[in-house]
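Okay, structure first, notes after.
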């Protein structure tokens, strides 16, 4: 049995796509995922499974959410080993130490091309910075995300894939849950 991290896209933001974390954990039991634990209310999940395909787990969780919770959303699943590699690959270690709330990691459905990442970097009008590696992208928002023009819609359009983001504090806490 392996351990996994799943992050859900666009839940519990305003009145739409509301999911109670207790219901999410209960749903996991219904689809044979074990030791489900959640972090915060923004859709962060750690669980154990005999299924060893993250793509298959994403499909399973997405279908289960629609069936059992009445919410259709994307899941981005990484093994515990992959999650640790995401932490280790952080290209912004100074920002991780000095201001982890302004460092964001985005799980992506597909790895973007180098050309797409370069185009996104060129399109940034503020002081934000971005680096991508495999199916993750890392963003620094030195002036905060709230007023930034570097939005998830822009990122997804330019990278040509869907994603969901977590600040660095949450990324590290999820890593701790896998230990």
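Output the residues belonging to segment 104-138 that are within 25 Å of residue 45 (Cα to Cα) and in a loop (DSSP other than H, G, I, E, B).
Result: 109, 110, 111, 112, 134, 135.
Just the residues that are farther than 15 Å from residue 174 by Cα and part of a loop (DSSP other than H, G, I, E, B), please, taken from segment 16-45.
Result: 17, 18, 19, 20, 31, 32, 33.
Those residues that are crowded, with 18+ Cβ neighbours inside 10 Å and either modelled with pLDDT of 95 or more or in contact with a helix residue (DSSP H, G or I) (Cβ under 7 Å, 6 or more places away or on another chain) (or both), I need them from segment 12-23; list them, please.
19
Quick check on my filter: what residues within segment 151-164 are surrounded by fewer than 20 Cβ atoms within 10 Å (Cβ to Cβ), at negative phi, in contact (Cβ under 8 Å) with a residue 12 or more places away in the chain and outside any helix (DSSP H, G or I)?
Correct list: 161, 162.
Quick grid of which residues meet (1) assigned by TED's automatic domain parsing to the domain that holds residue 172; (2) within 30 Å of residue 17 (Cα to Cα); (3) at pLDDT 95 or above:
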{"site": "75", "(1), (2), (3)": "no, yes, yes"}
{"site": "78", "(1), (2), (3)": "no, yes, yes"}
{"site": "95", "(1), (2), (3)": "yes, no, yes"}
{"site": "105", "(1), (2), (3)": "yes, yes, yes"}
{"site": "108", "(1), (2), (3)": "yes, yes, yes"}
{"site": "111", "(1), (2), (3)": "yes, yes, yes"}
{"site": "114", "(1), (2), (3)": "yes, no, yes"}
{"site": "117", "(1), (2), (3)": "yes, yes, yes"}
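Just the residues that are exposed (fewer than 14 other Cβ atoms within 10 Å of the Cβ), in contact with a helix residue (DSSP H, G or I) (Cβ under 9 Å, 6 or more places away or on another chain) and assigned to a helix (DSSP H, G or I), please, taken from segment 51-74.
Across segment 51-74, the qualifying residue is only 67.
Among the numbered conditions (1) in a loop (DSSP other than H, G, I, E, B); (2) within 29 Å of residue 131 (Cβ to Cβ); (3) touching a strand residue (DSSP E or B) at 6+ places or on another chain (Cβ under 8 Å), tell me where residue 77 comes up short.
(1)
Which one of the conditions (1) in contact (Cβ under 8 Å) with a residue 60 or more places away in the chain; (2) buried (at least 18 other Cβ atoms within 10 Å of the Cβ); (3) within 17 Å of residue 133 (Cα to Cα) does residue 87 fail to meet, given that it meets all the rest?
(2)
May I ask you to list the residues in segment 41-50 that are in contact with a strand residue (DSSP E or B) (Cβ under 9 Å, 6 or more places away or on another chain) and surrounded by 13 or more Cβ atoms within 10 Å (Cβ to Cβ)?
Matches in segment 41-50: 42, 43, 44, 45, 46, 47, 48, 49.
Over 21 Å from residue 9 (Cα atoms) and in contact (Cβ under 8 Å) with a residue 12 or more places away in the chain: does that describe residue 128?
yes
In segment 125-150, how many are buried (at least 16 other Cβ atoms within 10 Å of the Cβ), over 24 Å from residue 85 (Cα atoms) and in contact with a helix residue (DSSP H, G or I) (Cβ under 9 Å, 6 or more places away or on another chain)?
Total meeting the criteria: 2.
The values are calculated or read from the model by the stated rules, or taken from the named source; none is laboratory data. Predicted, not measured: the structure shown is a model, and the values here were computed from it. Methodologically, a virtual Cβ is constructed for each residue, glycine included, from the backbone with ideal geometry; neighbour enumeration extends over all protein chains shown.
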